[in-house]
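A.B. asks: Dropping the structure in here first, questions after.
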Amino acid sequence: MGRELDLTNWSRYRRALGDEPLPAALCDLDAFEANARLLFGLARKANRQVRIATKSVRCPSLVARLLDLGGDCVRGLMTFSAAETAWLAKQGHTDLLLAYPTLHPRDCQMVAEANRSARAALVVDDWAQVEVIARAGVAAGVRVPLVLDVDASYRPFESARVHLGVRRSPLRAARAIADLAERIAGERGACFLGLMSYEAQVAGLPDRGGGALQAAAVRAMKRRSIAALRSSRAEIVSELVARKLVPTLFNGGGTGSIALCGDDPSLDELTIGSGFLASHLFDHIDAIALRPALSFALQVTRRPAPGLVTCAGGGVIASGEAGLSRLPHPWLPPGLSLLPHEGAGEVQTPLRVPANVELPLGAPVLFRPAKAGESLERFNELLLVRGAQIESRAQTYRGHGFAFG
Ligand SMILES: Cc1ncc(COP(=O)(O)O)c(C=O)c1O
């Protein structure tokens, strides 16, 4: 049944593509909207607002659609570069959080000046970062709101030897966090706004794929990690409250973790990005069933041997720990596979084709990227498909002429 459905999906996409030049990136609007309804619904159920991670969308008109779909459930945008933050403020966005620190004076100037029309907060975790942004704040005549990044990694028994999670912030202990917040509060060009704590080891680890034993270990780690985070976040908030530094924002979560920790009472907003377009790295998160919304189409240009075709282009590789999981997956027609020794290449991607699949030269093959927004750095425009038609087109950041990082 699934295979039949995929075959009809393939003919639907083929019809939509018509004679569009390939490669082309596609967003299936029905799937995108269904994902948005599901994810905003989860946030609403947990009584939390959403911050949309622009890095995982990288297409202003899709962000605008999400703001429409989410309505009052959306609080603002989580951005990934200073130049992007400044541009979004100029476009009229009023609640921005740049989630990754910068010490570059020009970056800090842009963030500070964005605060003339928006609340453009910056994440920090070190006094050296605070000094630069506070200087920029004074020069711009604003107090830049700062959000402290709290390390959310899982360390069983608080041992430094085992660290499950990303390497970002050194801030972990409630007292150290409150000390930094207190110091920030005394600055002229900055003020303390709140906290962010992203549990990457919960959001990023697939629930399935490595056998039953591994799945059980992952489940147990996630459960313990979430429990530990609940108590450490609560402790941090109470230390801040005791010092009269009540955080006005506490951001956490990501597509892969909101279903599990979205109801943490310390958090008041959840970040969601990748789930809207549902790249394939999120297929193995048990708690949410997303629909593939983003794909890209390549042209079959060669038939190097029986049972093989070669497509033009295709090397849309995702960042992170290098490995097979970062390659795009051939998706439609169903049954195709990459060749392990060649993968998805810069100028060509060969595929193994099962005997029952007919794939003529010139036909399009659809692939799903491992990561969503990042793959759109390779495309100027997204074809917005509804049913078997291109309903409209949307420029990506790249198409707008921006490479924000
Ligand atoms: C700070 C932060 N929050 C949340 C996320 C999750 O984003 P997404 O929903 O796109 O996976 C990320 C992803 O790296 C992140 O860096």
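A.B. asks: Scan the range 111-118 and give yes if some residue there is of a type in the set (S, T, N, Q) and within 20 Å of the chain's Cα centre (by Cα), otherwise no.
C.D. replies: no
A.B. asks: If I ask for residues that are under 23 Å from PRO21 (Cα atoms) and of a type outside the set (A, V, I, L, M), which ones from the range 352-368 would you list?
C.D. replies: GLU358, PRO360, GLY362, PRO364, PHE367, ARG368
A.B. asks: With respect to GLU358, determine if the residue is in contact with a Pro (Cβ under 9 Å, 6 or more places away or on another chain), surrounded by fewer than 20 Cβ atoms within 10 Å (Cβ to Cβ) and outside the structural domain of MET78 (by TED's automatic domain parsing).
C.D. replies: yes
A.B. asks: Still on this structure, I have one more. Residues of the range 98-110 being without any contact (Cβ under 8 Å) to a residue 40 or more places away in the chain and under 21 Å from the mean Cα position of the chain (by Cα), which ones? Lay out the reasoning, then the answer.
C.D. replies: First, pick out the residues of the range 98-110 that are without any contact (Cβ under 8 Å) to a residue 40 or more places away in the chain: 98, 100, 102-110.
Hits for the range 98-110 are LEU98, TYR100, THR102.
A.B. asks: Turning to a different aspect of this structure: Return the pair list, or none, for Cβ contacts closer than 7 Å from residues in the range 43-63 that are in contact (Cβ under 8 Å) with a residue 40 or more places away in the chain to residues that are assigned to a loop (DSSP other than H, G, I, E, B) and within 11 Å of the ligand (Cβ to nearest atom), at least 6 apart or on different chains.
C.D. replies: Going by the 7 Å Cβ cut-off, the qualifying pairs are ILE52/GLY273; ALA53/GLY273; THR54/PHE80; LYS55/PHE80; LYS55/GLY273; SER56/GLY273; VAL57/GLY273.
A.B. asks: Does ASP207 satisfy being assigned to a loop (DSSP other than H, G, I, E, B), modelled with pLDDT of 90 or more and not hydrophobic (A, V, I, L, M, F, W, C)?
C.D. replies: no
A.B. asks: When you check LEU308 against the structure, is it surrounded by fewer than 21 Cβ atoms within 10 Å (Cβ to Cβ) and among the hydrophobic types (A, V, I, L, M, F, W, C), yes or no?
C.D. replies: Working: surrounded by fewer than 21 Cβ atoms within 10 Å (Cβ to Cβ): yes; among the hydrophobic types (A, V, I, L, M, F, W, C): yes.
Yes: the conditions hold for LEU308.
A.B. asks: Just one of the numbered conditions (1) within 16 Å of the ligand (Cβ to nearest atom); (2) in contact (Cβ under 8 Å) with a residue 60 or more places away in the chain is not true of LEU205; which one?
C.D. replies: (2)
A.B. asks: Another one. Answer yes or no: is there a residue in the range 267-278 that is in contact (Cβ under 8 Å) with a residue 12 or more places away in the chain, more than 20 Å from ARG224 (Cα to Cα) and in contact with an Asp or Glu (Cβ under 8 Å, 6 or more places away or on another chain).
C.D. replies: No, the range 267-278 contains no residue that is in contact (Cβ under 8 Å) with a residue 12 or more places away in the chain, more than 20 Å from ARG224 (Cα to Cα) and in contact with an Asp or Glu (Cβ under 8 Å, 6 or more places away or on another chain).
A.B. asks: Another question about this same structure. Specify which of the listed residues (ASP95, ASP72) is more than 14 Å from the ligand (Cβ to nearest atom), within 19 Å of the chain's Cα centre (by Cα) and closer than 23 Å to ASP263 by Cα.
C.D. replies: So the residue among ASP95, ASP72 that is more than 14 Å from the ligand (Cβ to nearest atom), within 19 Å of the chain's Cα centre (by Cα) and closer than 23 Å to ASP263 by Cα is ASP95.
A.B. asks: Moving to a separate point now. Output the residue which, of all residues in the range 21-54 that are among the hydrophobic types (A, V, I, L, M, F, W, C) and assigned to a loop (DSSP other than H, G, I, E, B), is surrounded by the fewest Cβ atoms within 10 Å (Cβ to Cβ). It would help to see each step written out before you state the result.
C.D. replies: Start the filter on the range 21-54 by keeping residues that are among the hydrophobic types (A, V, I, L, M, F, W, C), which leaves 22, 24-27, 29, 31-32, 34, 36, 38-40, 42-43, 46, 50, 52-53.
Subsequent filtering for residues that are assigned to a loop (DSSP other than H, G, I, E, B) retains 22, 46.
Working: LEU22: 19, ALA46: 17.
For the range 21-54, the residue satisfying everything is ALA46.
A.B. asks: Sticking with this structure for a sec: With respect to PHE296, is the statement that it is of a type outside the set (Asp, Glu), outside the structural domain of GLY70 (by TED's automatic domain parsing) and at pLDDT 95 or above true?
C.D. replies: yes
A.B. asks: For residues in the range 216-227 being surrounded by 16 or more Cβ atoms within 10 Å (Cβ to Cβ) and not β-branched (Val, Ile, Thr), which is farthest from LEU267 (Cα to Cα)?
C.D. replies: That would be MET221.
A.B. asks: Does any residue in the range 156-183 that is free of Cβ contacts under 8 Å to residues at least 60 places away in the same chain come within less than 6 Å, Cβ to Cβ, of a residue that is surrounded by fewer than 16 Cβ atoms within 10 Å (Cβ to Cβ) six or more places away or on a different chain, and which pairs are these?
C.D. replies: Once the first residue is free of Cβ contacts under 8 Å to residues at least 60 places away in the same chain and sits in the range 156-183, its partners that are surrounded by fewer than 16 Cβ atoms within 10 Å (Cβ to Cβ) give VAL162/PRO156.
Residue-wise test of (1) more than 16 Å from the ligand (Cβ to nearest atom); (2) among the acidic types (Asp, Glu); (3) buried (at least 22 other Cβ atoms within 10 Å of the Cβ); (4) outside the structural domain of GLY189 (by TED's automatic domain parsing).
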| position | (1), (2), (3), (4) |
| --- | --- |
| CYS108 | yes, no, yes, no |
| GLU113 | yes, yes, no, no |
| ALA121 | no, no, yes, no |
| VAL130 | yes, no, yes, no |
| LEU146 | no, no, yes, no |
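A.B. asks: Among the residues of the range 233-273 satisfying the criterion of being among the hydroxyl-bearing types (Ser, Thr, Tyr) and closer than 26 Å to ARG44 by Cβ, which is modelled with the lowest pLDDT? It would help to see each step written out before you state the result.
C.D. replies: Within the range 233-273, the first condition is being among the hydroxyl-bearing types (Ser, Thr, Tyr), and the residues that meet it are 238, 248, 255, 257, 266, 271.
If we keep only those that are closer than 26 Å to ARG44 by Cβ as well, we get 248, 255, 257, 266, 271.
On the way: THR248: 97, THR255: 94, SER257: 88, SER266: 96, THR271: 98.
The extreme case among them is SER257.
A.B. asks: State yes or no: is ARG243 more than 19 Å from ASP151 (Cα to Cα) and of a type in the set (D, E, K, R)?
C.D. replies: Yes.
The values are calculated or read from the model by the stated rules, or taken from the named source; none is laboratory data. This is a predicted model, so every value here is computed, not measured. Glycine gets a Cβ as well: all are built from the backbone with ideal geometry, and neighbour counts include every protein chain shown.
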